[in-house]
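Single-structure report; data block below.
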Amino acid sequence: MRAEYDFAGARPNPYSQRLKKQVTIRLDVDTVSYFKALASRTGIPYQSLINLYLADCATSERRLSLAWA
């Protein structure tokens with residue numbers, strides 16, 4: 001390995017906005033079943049569907065109502 005590298009011509013990673021972080025979450029069996037069924041109908045992996053749904057909630061700043069009805 002070189003002692004020094006020249007990064008003068010380097011450019012930013014074009015995929016840096018698309019990086020994902022692996023997390024472990026516990027989901028209800030019914031919730032996973034719902035997304036797996038949706039995945040089989042659409043041809044999109046169920047983890048991607050869950051990610052798309054959560055990303056939509058985050059961008060629209062959707063809030064969960066915890067008030068008792």
Exercise. Roughly how many Å² is the accessible area per residue of the chain, as a whole number, for a 1.4 Å probe?
Worked result: 105
Exercise. Applying 1/(1 + (r/R0)^6) with R0 = 35 Å to the Cβ-Cβ distance of Arg62 and Asn13, what FRET efficiency is obtained, to the nearest 0.05?
Worked result: 0.70
For this session: Using a 10 Å cut-off on Cβ atoms, rank the peptides 16-24, 54-62, 36-44 from the highest mean neighbour count down.
Result: 36-44, 54-62, 16-24
Exercise. Hey, what number do you get for the chain at 222 nm if only DSSP H runs of n ≥ 4 count, each worth -39500 (n - 2.57), divided across all residues, to the nearest 500?
Worked result: -13000 deg cm²/dmol
Exercise. Between the helical axis of 29-42 and the dominant principal axis of the chain, each derived from Cα atoms, what acute angle in degrees is found, rounded to the nearest 10?
Worked result: 70
For this session: Return the Rg/Rh value of the stretch 28-69, two decimal places, where both radii are evaluated on C-alpha atoms and Rh is the Kirkwood radius.
Result: 1.08
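Report, to the nearest whole %, how much of the accessible area of the chain belongs to carbon and sulfur atoms, 1.4 Å probe, protein only.
The computed percentage sits at 55.
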For this session: For the stretch 1-65, just the Cα set please: Rg and Dmax, both in angstrom.
Result: 18.8, 57
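The values are calculated or read from the model by the stated rules, or taken from the named source; none is laboratory data. From a predicted model like this one, the values you see are computed outputs, not experimental measurements. Heads up, the Cβs are rebuilt from the backbone with ideal geometry, glycines too, and the neighbour counts pull from every protein chain shown. Quick note on the areas: whole protein, heavy atoms, side chains included, nothing else; ligands and nucleic acids left out. Shrake-Rupley method; radii C 1.70, N 1.55, O 1.52, S 1.80 Å.
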